[in-house]
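A quick write-up on the structure given underneath.
Values quoted throughout were computed directly from the atomic coordinates according to the rules given, and no laboratory measurement underlies them. Values in this document were obtained by computation on a predicted structure and should not be read as measured data. Glycine also receives a Cβ, built like all others from the backbone with ideal geometry; neighbour counts cover every protein chain displayed.
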Amino acid sequence: MSPRSASVNEELRRRSRERLLQATVELVDERGYEATTLGDIADRAGSARGLVSYYFPGKRQLLQSAVHRLMHRTLEAALERAPGTDDGAERLARAIDAVLGLARDHPVLMRAHMAGILQAEGFVQCPEQQRLAALLRDTVARRGVRDVDTEYPLLRALLMGAVFAVLLPGAPMPVTTLRAELFQRFGLAWELGVPPGGKPPDGTHGVLPGQSTQWAQPLTQRK
């Protein structure tokens, strides 16, 4: 039997890593972070235990990469779903709804992810995180802002803050309220994206289509 080519080996490694990431999302979502072991993840992925350590330095790093992959895939699906659009406001609205939806639909997983970011390991700069960042930066650029390097970190910070607010034990904020605040902040009409039923919460107002938005201006020019 002839040896496998380098490209075949690379594809096999990629698939093996993907299975580990998917297994991590599934198990932490089902059992929580502490109740999930690296051995459990390897078993669910159908991989040898040693492969986990080969690809990832530890469980926290594995979890962050797994969640970043989930966020990237979810965001990509939301941005590209039919009907397709190049409208910057619509794409930003879809991005916000996708991230808030993950916090709403996967609270155990996302709470573990946020806890890991706040611990000593910090923010893992993995390939999955880089893909997610590139997609969010592109979303910001398509919105027409003048300084993407300033506005992208702002969007990321506000989205992370909204996720924390949804997941806060004992005092979670409603997704609809957070959505309304984010849409106001970025000058988005309530009807964009995937709006929940009904009107915006009391005290908030959707932005009418075509209405000017301060988010197209640099931070230094906003009042």
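Round to a whole angstrom and tell me the spacing of the C-alpha centers of the stretch 104-135 and the stretch 164-184.
Cα centroid to Cα centroid, the span is 18 Å.
Over the alpha-carbon set of the chain, divide Rg by the Kirkwood Rh and report the Rg/Rh ratio to two decimals.
1.02
Top mean-square fluctuation among Leu136, Leu21, Leu38, Gaussian network model of the chain, C-alpha springs under 10 Å?
It is Leu38.
Might you report the magnitude of the Cβ-based charge dipole of the stretch 58-207 about its Cα centre, with Lys and Arg at +1 and Asp and Glu at -1, to the nearest 20 debye?
Dipole about the Cα centre, nearest 20: 340 debye.
Compute the long axis of helix 107-118 from its Cα atoms, compare it with the longest principal axis of the Cα atoms of the chain, and write down the angle in degrees, 0 to 90, nearest 10.
Around 90 degrees separate the two axes.
For the stretch 102-172, state which trypsin sites (Lys or Arg not before Pro) are in a DSSP loop and have at most 15 other beta carbons lying within 10 Å of their beta carbon. It would help to have the intermediate numbers written out before the result.
Values: sites: Arg104, Arg111, Arg131, Arg137, Arg142, Arg143, Arg146, Arg156; in loops: Arg146.
Listed in order of number, the matching sites are Arg146.
Just to confirm the number: angle between the C-alpha axis of helix 6-31 and the first principal axis of the chain, 0 to 90 degrees, nearest 10?
It works out to around 70 degrees.
Relative to the longest principal axis of the C-alpha atoms of the chain, give the angle of the C-alpha long axis of helix 175-185, reported between 0 and 90° and rounded to the nearest 10°.
On a 0 to 90 degree scale, this one is about 60.
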